[in-house]
1. (1) surrounded by 17 or more Cβ atoms within 10 Å (Cβ to Cβ); (2) assigned to a loop (DSSP other than H, G, I, E, B); (3) not polar (S, T, N, Q): which one isn't true of B:ARG105, the others all being true?
2. Which numbered condition in (1) within 14 Å of chain B (Cβ to nearest Cβ); (2) touching a residue at least 40 places away in the same chain (Cβ under 8 Å); (3) crowded, with 16+ Cβ neighbours inside 10 Å is the only one that A:PRO192 fails?
3. Got a sec? Which strands (runs of 3 or more DSSP E) wholly within the range B:7-76 have at least 1 residues that are facing another protein chain (nearest Cβ under 8 Å) and either closer than 20 Å to B:VAL111 by Cα or at pLDDT 95 or above (or both)?
4. Please determine, by comparing only the residues of the range A:205-258 that are within 23 Å of the chain's Cα centre (by Cα), surrounded by 14 or more Cβ atoms within 10 Å (Cβ to Cβ) and of a type in the set (D, E, K, R), which one is nearest to A:PRO174 (Cα to Cα).
5. Within the range A:287-302, can one find any residue that is among the charged types (D, E, K, R) and more than 14 Å from every other protein chain (Cβ to nearest Cβ)?
6. What single numbered condition from (1) within 26 Å of B:THR2 (Cα to Cα); (2) buried (at least 17 other Cβ atoms within 10 Å of the Cβ) fails to hold for B:PRO84?
7. Within the range A:225-280, which residues are of a type in the set (Ser, Thr, Tyr) and either within 12 Å of chain B (Cβ to nearest Cβ) or not in a helix (DSSP H, G or I) (or both)?
8. Specify which of the listed residues (A:ARG301, A:ARG278) is free of Cβ contacts under 8 Å to residues at least 40 places away in the same chain, more than 22 Å from A:LEU167 (Cβ to Cβ) and of a type in the set (D, E, K, R).
Amino acid sequence: MTTAAVAPATMPERVLWKGNEAIAEAAIQAGCDAYFGYPITPQAELLEWMARRMPELGRAFVQAESELGAINMALGAAATGKRVLVSSSSPGISLMAEAMSYMAGSEVPVVLVDVMRGGPGLGSIGPSQSDYLQLVKGHGHGDYRVPVLAPASIAEAMALVADAFELAERYRTPVAILADGALGQAMEPVVPEYREPPRRPSTWQADTARGRAPRVVKSLILRPEDLEAHNRDLQAKYRSIEEHEVRWAGESLDDPEILVVAYGTAARVARTAIARARAAGLRAGLLRPITLWPFPTLALRGLARHVRAVLVVELSAGQMLDDVRIAVEGLAPVAFHGRTGGMLPSPGDVVTELRRLWSITEPVNGRHRPQRGRRPVPTEPTLATGHGEQLDEGVAAEDLPALAEVWR
Amino acid sequence: MTERSTIFAGFGGQGILFAGTVLARAAMAEGREVLWIPSYGPEMRGGTASCTVIVAEEAIGSPVVDQADAVVALNPPSLAKFEPVVAAGGLLVINRSLIEAEVRRNDVEAVELPCTALAREAGDDRLVSVVALGALLARRPLVSLASAGAAIEAIVSAKRPQILEADLAALRAGYEAAAVETVPA
């Protein structure tokens with residue numbers, strides 16, 4: 001068979017790619033017009049890739065004088081409607097909080113990548129998930145949220161970059177991609193496939209005032225009545241995001257006795273641990289949030305009713321744990337296992353925790369289960385099974401006291 | 001083969017990350033799943049560098065391993081750190097050119113070769129990790145020797161084609177030395 005310059009009929013060739021570089025190239029292929037950053041480990045290769053590629057393509061690359069400079073340049077560029085990427089790691093992300101709040105307030109789309117490292121402070125350069133509370137709960141000041149996407153593989157990170165741009169522009173909001181040092185530094189084979197989200201028409205962008213009235217992009221709204229109205233609009237937008245953009249993936253969820261909730265690298269450790277536990281007869285399953293905000297609250301609640309316990313695994317001292325407990329509402333005991341400072345839990349550690357948890361909990365049927373009053377449960381969209389799947393119904397009947405045994 | 005993990009460890013500059021990358025690329029070329037992850041922490045500055053390569057038939061979960069199926073130790077601190085990590089029945093490749101300590105484990109297979117000396121014969125001391133990779137593949141055919149050679153060629157040709165021959169010679173030297181060495185009872 002002769003091979004001319006035609007696309008292969010079978011699977012495209014895979015390439016071995018480092019997470020940071022794959023994210024950078026995915027952003028370029030998603031139509032990123034401008035990148036602003038400042039070097040920091042373990043994210044540096046992302047900036048380095050952009051430094052080489054963006055000028056080649058005639059696009060904007062600026063290594064700013066600091067993270068503050070980078071994020072404020074991003075604010076300016078994104079206010080003109082350009083597709084803008086910013087990346088950093090934990091200490092640098094802290095510096096960017098103020099401008100992120102400004103972008104949320106002035107409804108400017110931008111994609112921010114955080115390749116998390118150990119904290120607090122300058123901490124270590126090891127992998128960590130200790131920026132969860134920072135990004136998922138708002139990051140800067142003011143009443144706002146940003147969608148936070150958490151990839152667990154390099155291939156998924158590439159896909160989520162394009163999705164992040166699309167979300168950012170659809171909802172006119174900053175969007176964060178929350179990765180960790182392990183994902184940034186690891187290499188995996190990926191199929192170099194990309195997606196460039198369609199551009200939206202210019203309706204708000206401060207791109208040009210030629211032939212029309214000037215537009216203003218700002219977050220300063222001094223009249224309290226006006227600012228409250230703006231906040232109401234923002235909250236309505238956030239409710240819409242919560243309703244439509246929840247994503248999660250499940251594994252071994254047919255019959256789990258213990259449900260593990262973990263994201264990113266922690267979810268991969270959990271996956272191996274679950275396989276090992278199942279081989280030994282302990283039925284565990286995994287719920288892996290892909291959007292950390294909006295959190296898959298209803299999916300988790302539906303599953304929590306049917307398990308004897310929930311185990312949260314994180315590379316932190318327990319940050320997503322809070323959202324898990326809110327979702328579980330005492331329907332099952334919630335336990336936690338985490339490592340910090342750049343340390344990773346091993347699959348063996350997680351198996352040990354699963355065994356321990358199994359031994360001190362009761363089967364669902366033998367458990368005194370609290371119930372809550374009936375209330376409307378909106379439809380939960382998912383990534384794994386498509387949108388609009390109804391997961392579980394609100395449990396009827398009167399309110400009963402919450403379960404006593406809820407562990408930290 | 002289900003999932004096989006290998007830890008490469010040595011001084012920075014011994015080509016630890018390179019050897020791991022060669023294995024990862026070769027495994028990818030053979031259609032396997034693979035994950036390569038370096039220890040990118042502060043220990044890389046002057047101390048011990050390491051990387052873990054997991055080769056599997058199916059999607060890989062954890063990037064960290066409790067135990068490694070094989071450990072390649074190119075300097076004394078690497079043996080001290082990773083000898084306890086080798087799974088029972090696993091493989092330990094030891095660079096006798098630099099490591100004097102005896103192997104304490106009696107439940108692992110040890111391949112003890114003067115990797116640095118063999119690398120020098122092949123053309124350059126710095127090919128020590130490639131020698132060790134050859135030795136690893138002689139005892140644990142995670143990928144074929146041909147695939148490893150092709151991976152080296154793909155990586156090296158782009159940047160430093162002048163060292164390709166020495167690289168391939170080092171790979172063969174390690175493979176042959178480990179293939180002829182008798183396995184301790």
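1. Here B:ARG105 clears every test but (1).
2. The single condition A:PRO192 does not satisfy is (3).
3. B:33-38
4. Among residues in the range A:205-258 that are within 23 Å of the chain's Cα centre (by Cα), surrounded by 14 or more Cβ atoms within 10 Å (Cβ to Cβ) and of a type in the set (D, E, K, R), the one nearest to A:PRO174 (Cα to Cα) is A:LYS237.
5. Yes, the range A:287-302 has at least one match.
6. In the conditions (1) within 26 Å of B:THR2 (Cα to Cα); (2) buried (at least 17 other Cβ atoms within 10 Å of the Cβ), B:PRO84 misses (2) alone.
7. A:SER252, A:TYR263, A:THR265, A:THR272
8. Numbers: A:ARG301 fails: free of Cβ contacts under 8 Å to residues at least 40 places away in the same chain.
Testing whether each residue is free of Cβ contacts under 8 Å to residues at least 40 places away in the same chain, more than 22 Å from A:LEU167 (Cβ to Cβ) and of a type in the set (D, E, K, R) leaves just A:ARG278.
The values are calculated or read from the model by the stated rules, or taken from the named source; none is laboratory data. What you are looking at is a predicted structure, and each value in this text was computed from that prediction instead of being measured. Heads up, the Cβs are rebuilt from the backbone with ideal geometry, glycines too, and the neighbour counts pull from every protein chain shown.
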